Amino acid sequence: MEDLFAGMAEGYEAWYETPLGAFAIAEEERALKALLPPGESLLEVGAGTGYWLRRLPYPRKVALEPSPDMLRVGRARTPEAAWVAGRGEALPFPEGSFDVVLVFTVLEFVEDVGKTLSEARRVLRRGGSLLVGILEALSPWGALYRRLGEEGVKPWSGARLLTREDLRRLLGPPEAEGEAVFLAPEARPPFGEADAAGRRAGNRPALYLGRWR
Ligand SMILES: C[S@@+](CC[C@H](N)C(=O)[O-])C[C@H]1O[C@@H](n2cnc3c(N)ncnc32)[C@H](O)[C@@H]1O
């Protein structure tokens, strides 16, 4: 299996330092934190560099990551999590191991979406929560990522973008939902106003979040 993220780990969070990136990631963090369920233990499937694990308030955090490059950087930057090499399709944990499982912009890159989701549910304790974030295929950002993928730009060349309707088909209706980043990739500052304009225009947001039990 090709590692679409090989060589990207060091610079993975650099975009968050740009004005547009800082706006977008702050909006995503607000939407994610609004959906967080209580719990002791969190597993992030496809944890990348651990950006979210550094920000989420759970006493026990486990990071699963298949890319050796992302795993190396994630482990160095996010030592508060226990890092495990592996793929979402075959989680190396017994059933009922976690209160919360987070799958944030990862389904786009897995080989088998259904298997990844059923594995995430298997390792949740009874009554635990599955949080899934996707890059909306029908958003202006989805259009950009699709074009980049067609041009062969990694990781988009290997991505399969999903919609919220795809998630509903796979998981049923969520108990709660969140959205963030309505502005378009070419938006100019002030970004708050551009975001409000994107919302008024009926843009789908770049990020859709759902929570399931
Ligand atoms: C866009 S990044 C998101 C990283 C992190 N969740 C975040 O939001 O910062 C996608 C991550 O999914 C990982 N990934 C790719 N295929 C995977 C698979 N089959 N199982 C689990 N993770 C996978 C990639 O290596 C990469 O780190």
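The values are calculated or read from the model by the stated rules, or taken from the named source; none is laboratory data. Computed from a prediction, not measured in an experiment: that's the story for all the values here. Here the Cβ positions follow ideal geometry from the backbone for every residue, glycine too, while neighbour counts run over all protein chains shown. Accessible surface is based on the protein model in full, side chains and every heavy atom, while ligands, DNA and RNA are left aside. Shrake-Rupley method; radii C 1.70, N 1.55, O 1.52, S 1.80 Å.
Summary of computed values
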{"read-out": "Single unsatisfied condition, Phe109 versus (1) within 12 Å of the ligand (Cβ to nearest atom); (2) in contact with an Asp or Glu (Cβ under 8 Å, 6 or more places away or on another chain); (3) farther than 23 Å from Ala176 by Cβ", "value": "(2)"}
{"read-out": "Residue within region 56-77 that is open to solvent by 40 Å² or more (accessible area, probe 1.4 Å), closer than 21 Å to Leu162 by Cβ and under 18 Å from the mean Cα position of the chain (by Cα) present", "value": "yes"}
{"read-out": "Filter pass, Val84 being surrounded by fewer than 22 Cβ atoms within 10 Å (Cβ to Cβ), in a strand (DSSP E or B) and without any contact (Cβ under 8 Å) to a residue 60 or more places away in the chain", "value": "yes"}
{"read-out": "Qualifying helices (runs of 4 or more DSSP H) (wholly inside region 105-213; at least 3 residues being closer than 22 Å to Glu29 by Cβ and open to solvent by less than 50 Å² (accessible area, probe 1.4 Å))", "value": "140-150, 191-200"}
{"read-out": "Region 36-55 - residue that is in contact with a strand residue (DSSP E or B) (Cβ under 7 Å, 6 or more places away or on another chain) and surrounded by fewer than 22 Cβ atoms within 10 Å (Cβ to Cβ) and, of those, nearest to Glu111 (Cα to Cα)", "value": "Ser41"}
{"read-out": "Near pairs, Cβ below 8 angstrom, 6+ apart or cross-chain, from region 36-55 (more than 15 Å from the ligand (Cβ to nearest atom)) to any residue that is open to solvent by 10 Å² or more (accessible area, probe 1.4 Å) and part of a loop (DSSP other than H, G, I, E, B)", "value": "Gly39/Tyr58; Glu40/Tyr58; Glu40/Pro59; Ser41/Tyr58; Ser41/Pro59; Ser41/Ser97"}
{"read-out": "Number of the condition not met by Tyr208 [criteria: (1) in contact with a helix residue (DSSP H, G or I) (Cβ under 7 Å, 6 or more places away or on another chain); (2) among the hydroxyl-bearing types (Ser, Thr, Tyr); (3) closer than 21 Å to Glu65 by Cβ]", "value": "(3)"}
{"read-out": "Residue selected from region 87-104 under the condition open to solvent by less than 40 Å² (accessible area, probe 1.4 Å) and near the ligand (Cβ under 7 Å from one of its atoms), by the criterion farthest from the chain's Cα centre (by Cα)", "value": "Glu89"}
{"read-out": "Residue list for region 112-149, filter: away from the ligand (no atom under 14 Å from the Cβ), touching an Asp or Glu at 6+ places or on another chain (Cβ under 7 Å) and without any contact (Cβ under 8 Å) to a residue 40 or more places away in the chain", "value": "Arg122, Arg125"}
